[in-house]
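Participant: Once you've had a glance at the structure underneath, I'll fire off some questions.
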Amino acid sequence: MPALHAFANPARFLRIARPLTPVLFWAGAVLIALGCWAGLTQTPPDYLQGETVRILYIHVPAAWLGMGGWTGIAVASISYLVWRHPLAQVAARAIALPGAVFAAICLATGSIWGRPTWGTWWQWDGRLTSMLLLLFVYLGYMALARADAERGGDGRVPALYGVAGTVLLPIIRYSVVWWNTLHQGPSIGLTRSSIDASLLWPLPIMLAGFSLFFASVVLMRMRAMLATAKAEARMRRMARA
Amino acid sequence: MGLSVTAKNQRLTLVLLALAAIVGAALLALSALKDQAAFFYAPSDVSRLGLPLGRAVRLGGMVEAGSVAREPDGVTVRFIVTDGRATTPVTFAGIVPDLFRERSGVVAEGQFRPDGSFLATNLLAKHDEKYMPPQLKGALHETKTLEK
């Protein structure tokens, strides 16, 4: 597969990533600003929750990216295990921090939203508990990847952990379908949405903005990791000389 | 490369098999947890699973239309929770959440009494997955049930 291998070359990756990073970052920032303006001022309040419903423009994209981040770790981990691309391992490690931050944003905004609507900051229902587990799994991955790197491991153990953690994603998605929960069922499916169009339209803008911002952070972190590895290799060469 | 058994193909097969096995095992385990992992009892669960007496549980369902009555003391509320198949009368003394209303979802924390009624110590509002502007209220929206 020549096409895939082309991206496994760090020099070629950097040639693309360097100019791409600011483009993604600023496009994401503009879309997030636009989405916040639209969600705060241009949409009607909800018939039941009133103005509280506006937090969904942060909460829902954060939840999707928290789960999307782990999908990225899983794909990168599988690529690393199968094709041994060093860049796949770097990508998985770069995704972990922003993924954990977005999962934490999802939990925090959900808690703030739950107080006025449900009447509670936190309940151990299936959805809330499984999302909290995903945050812990992210933290575990970060600790494991760091320990593996410090001990000179080849990255196979964190990659296996990255594949195994994927089990949480369908559990989070279907927790509100399998079990009765305090969290409501899914509003948005592949073909339909039970959010009225007048409230829904800023959500794709926010999702696109969050995704581009997420991608720019991942590229920044990958470049920083590659630069660190390069600097360490140079120091080792200098120490030997 | 073709279909020959290279090391890469072997690793890919192994990883995908492992992933399928892990996900499959977890899904089997969790679907078996159905009742244990439920956040609340529905009124019809009580007849199916027996009355969970003497321990703190949650009861969830829809607040039946026209069933909410306030006692003269000003803090006690009585209402009926239904899941469409069975009903449970609930008594609660305290402040109800803003979103507590008839024909809407509720989760009550408390204990069952031997007569099958429920004494709540806390009420949580459960809303459904529909969001719409106030103008559309009534025209389009009426929550029938919280059943999936």
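The values are calculated or read from the model by the stated rules, or taken from the named source; none is laboratory data. As the structure is a prediction and not an experimental result, all values here were calculated from the model. Cβ coordinates were reconstructed from backbone atoms using ideal geometry, including for glycine residues, and neighbour counts include every protein chain displayed.
Participant: Any residue in segment A:216-230 that is loosely packed, with under 14 Cβ neighbours inside 10 Å, among the β-branched types (Val, Ile, Thr) and touching a Lys or Arg at 6+ places or on another chain (Cβ under 6 Å)?
Facilitator: For segment A:216-230, residues loosely packed, with under 14 Cβ neighbours inside 10 Å, among the β-branched types (Val, Ile, Thr) and touching a Lys or Arg at 6+ places or on another chain (Cβ under 6 Å): absent.
Participant: Another question about this same structure. Here is a check on your reading of the model: is A:Ser79 among the small types (Gly, Ala, Ser) and closer than 29 Å to B:Leu59 by Cβ?
Facilitator: Taking the combined requirement at face value, the residue does not satisfy it.
Participant: Could you please find all residues in segment A:160-188 being more than 16 Å from A:Gly69 (Cα to Cα), free of Cβ contacts under 8 Å to residues at least 40 places away in the same chain and facing chain B (nearest Cβ under 8 Å)?
Facilitator: A:Val177, A:Asn180, A:Gln184, A:Gly185, A:Pro186, A:Ser187
Participant: Is at least one residue of segment B:55-68 more than 20 Å from A:Val167 (Cα to Cα) and not assigned by TED's automatic domain parsing to the domain that holds B:Leu119?
Facilitator: no
Participant: Could you list all residues from segment B:53-75 that are in a strand (DSSP E or B) and among the hydrophobic types (A, V, I, L, M, F, W, C)?
Facilitator: Listed by number, the residues that qualify are B:Leu53, B:Val57, B:Leu59, B:Met62, B:Val63, B:Ala69.
Participant: Among the residues of segment A:76-101, write down those that are in contact (Cβ under 8 Å) with a residue 60 or more places away in the chain and not in a helix (DSSP H, G or I).
Facilitator: A:His85
Participant: In a helix (DSSP H, G or I) and away from chain B (no Cβ under 11 Å): is that true of A:Ala104 in this structure?
Facilitator: So A:Ala104 fits the description; yes.
Participant: Could you grab me the full set of residues in segment B:86-140 that are of a type in the set (A, V, I, L, M) and over 19 Å from the mean Cα position of the chain (by Cα)?
Facilitator: Hits for segment B:86-140 are B:Ala93, B:Ile95, B:Met132, B:Leu136, B:Ala139, B:Leu140.
Participant: Given (1) within 10 Å of another protein chain (Cβ to nearest Cβ); (2) not in a helix (DSSP H, G or I), identify the lone condition not met by A:Trp122.
Facilitator: It is condition (1) that A:Trp122 fails.
Participant: Give just the number: which of (1) among the hydrophobic types (A, V, I, L, M, F, W, C); (2) in contact with a strand residue (DSSP E or B) (Cβ under 7 Å, 6 or more places away or on another chain); (3) not in a helix (DSSP H, G or I) does A:Leu199 not satisfy?
Facilitator: Unmet for A:Leu199, out of (1) among the hydrophobic types (A, V, I, L, M, F, W, C); (2) in contact with a strand residue (DSSP E or B) (Cβ under 7 Å, 6 or more places away or on another chain); (3) not in a helix (DSSP H, G or I): (3).
Participant: Kindly list the number of the only condition in (1) surrounded by fewer than 17 Cβ atoms within 10 Å (Cβ to Cβ); (2) in a helix (DSSP H, G or I) that fails for A:Leu190.
Facilitator: Unmet for A:Leu190, out of (1) surrounded by fewer than 17 Cβ atoms within 10 Å (Cβ to Cβ); (2) in a helix (DSSP H, G or I): (2).
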